[in-house]
Amino acid sequence: RDRSAGGGSALGCSRVSRAQRATSAATTTAHLHPQQQRAGLRARHARSLRSYVRDDKLGTNVSNNDDGGEEAGPSLADLRGEMESFLERNSYTYNERRNGNGASTANGNGNGSTLDMMTVITQPVASEMQQQTDGLRNIVGERHPLLTAASEHLFQAGGKRVRPLIAILVAKATRKLYGMNDVTDEHIRLAMITEMIHTASLVHDDVLDDCELRRGNSTVHSLYGTRVAVLAGDFLFAQSSWFLANLNNLEVIKLISQVIADFADGEIAQASSLFDTEITISKYLDKSFYKTASLVAASCRSAAVFSDCSEQEKQHMYDYGCNLGLAFQIVDDILDFTQTEEELGKPQGQDLASGNITAPAILVLGDSPRLQHLLKEDKLESQGALQEALQLVYDNNGIEKAKQLARHHGDLALAALQILPDCEEKHSLGLMVEYVLERIS
């Protein structure tokens, strides 16, 4: 079965062979295995585009240009500098409008800059985002009152709607490649489908993790019970599948349908690797792709499909979404180690305590036999074991190594945007990378 993401790119997130890493063609960070470093060097100097078919075979190489040369684009440092400058200018402008002096007053807990950044990111597509929000309110129908009530509770529970926002930003930016300033109805429906699938996955996650709260609100699981929560998640998956089929685009149907299978792959991979001290960064990135990055990558490419983009343009948008999604998951895993219970809404180190070994711990396992023992033999059951394990991760620089990995994928996401025209939406997509990474700065 051809479940390819399409033509590959030198940015290296053209998954989805399990053996391929999103890191393979980027500037390699110091913590990567020497084999990965050599692979990255080969990929950079090959100057070719690679096409992958999921899980089975490689496609053919396509030269970047006819004469074998390659025009030097802006460096990753230049891209970062451009985005930081844009953030500084626009964040100040937004604050001036709020209080007249540029001081951040979005809230009283020091997070005003983050809220300002999200406002700036959303501004170019504010009206389109309102369309998809209005659509979500009507999409669940009235056939099953209890499921409808559960679904409406989910959509009213807050959240920044980051995934549909990314899809609409990509849609508008790629339309501008062809001189058009609007988005299509298909783009809006794609954004709605993206949020429905994400929300459905959260409902099922809450059941699996027995969570009582989500975004500061009671979960469907806690309000209506496990049976209704499972059915509500299934209901949203089914509704999203119906709307997906009505988009009448086979490429998009394949892309988004694969995401639902990836969610299951990710959960199974996580459940089968609890307290597994042999887990590698490669396996971790696979799991992170399935659980988080797959949906972002597929929605970005699908947005480009509806903009009638070329294969190369579609693949760059896939690369952007894939690397952004990986960075997002890595940052989330870092915060499990660094934030307080009050900030997290759950006990610090809960992922590690449950046996889910993530990047900060994986990157130091080889340097700490004691950490290996606590995880593999003790399973963090003895008194003080969890706190000792967390401290070992800190002492062996696991947090900083994981931050480097997150920034690495953030840089790859920024590099993928070079193909877009200079516009507000492109800047917002760049700022989205900064928004994700700001949480660990």
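The values are calculated or read from the model by the stated rules, or taken from the named source; none is laboratory data. Values in this document were obtained by computation on a predicted structure and should not be read as measured data. Glycine gets a Cβ as well: all are built from the backbone with ideal geometry, and neighbour counts include every protein chain shown. Ligands, DNA and RNA are excluded from the accessible area calculation, which covers all protein heavy atoms including side chains. Shrake-Rupley method; radii C 1.70, N 1.55, O 1.52, S 1.80 Å.
Taking first residues from segment 321-343 that are closer than 18 Å to ASP411 by Cβ and partners that are open to solvent by 10 Å² or more (accessible area, probe 1.4 Å) and of a type in the set (S, T, N, Q), the Cβ contacts under 9 Å between residues at least 6 apart in sequence or on separate chains come to GLY325/THR292; LEU326/THR292; PHE328/THR292; GLN329/THR292.
From the list SER307, SER288, SER302, the one residue that fits, being under 13 Å from the mean Cα position of the chain (by Cα) and at pLDDT 95 or above, is SER288.
Could you list, in sequence order, all residues of segment 393-424 that are of a type in the set (Asp, Glu) and more than 18 Å from the chain's Cα centre (by Cα)? The answer is ASP395, GLU400, ASP422, GLU424. The set of residues in segment 160-201 that are assigned to a helix (DSSP H, G or I) and charged (D, E, K, R) comprises ARG163, LYS172, ARG175, LYS176, ASP185, GLU186, ARG189, GLU195. Residues that are assigned to a helix (DSSP H, G or I) and open to solvent by 10 Å² or more (accessible area, probe 1.4 Å) were ranked within segment 297-317; the one that is nearest to LEU429 (Cα to Cα) is HIS316. If you go through segment 366-425 and keep only what is touching a Phe, Trp or Tyr at 6+ places or on another chain (Cβ under 7 Å) and within 30 Å of ALA303 (Cα to Cα), you end up with ALA413, ALA416, LEU417. Of all residues in segment 368-400, those that are open to solvent by 60 Å² or more (accessible area, probe 1.4 Å) and hydroxyl-bearing (Ser, Thr, Tyr) total 1. Scanning segment 281-295 for residues that are open to solvent by 10 Å² or more (accessible area, probe 1.4 Å) and touching a Lys or Arg at 6+ places or on another chain (Cβ under 7 Å), we see that the one that is farthest from VAL252 (Cα to Cα) is SER282.
Restricting the first member to segment 401-430 and to residues that are over 22 Å from GLU313 (Cα atoms) and open to solvent by 40 Å² or more (accessible area, probe 1.4 Å), and the second to residues that are at pLDDT below 95 and assigned to a helix (DSSP H, G or I), no beta-carbon pair is closer than 7 Å while six or more apart or on different chains.
Counting residues in segment 216-224 that are crowded, with 20+ Cβ neighbours inside 10 Å, closer than 18 Å to GLY266 by Cβ and polar (S, T, N, Q) gives zero. In segment 327-396, counting only helices (runs of 4 or more DSSP H) that sit wholly within it, the ones holding 3 or more residues that are not hydrophobic (A, V, I, L, M, F, W, C) span 341-344, 369-373, 385-395. The residues of segment 391-435 that are closer than 26 Å to LEU365 by Cα and of a type in the set (D, E, K, R), listed by number, are ASP395, GLU400, LYS401, LYS403, ARG407, ASP411. Among the residues of segment 318-331, just one is open to solvent by 20 Å² or more (accessible area, probe 1.4 Å) and not polar (S, T, N, Q), namely PHE328. Taking helices (runs of 4 or more DSSP H) as the structural unit, those lying wholly within segment 205-295 and holding at least 1 residues that are of a type in the set (Val, Ile, Thr) and free of Cβ contacts under 8 Å to residues at least 60 places away in the same chain correspond to 226-245, 250-271.
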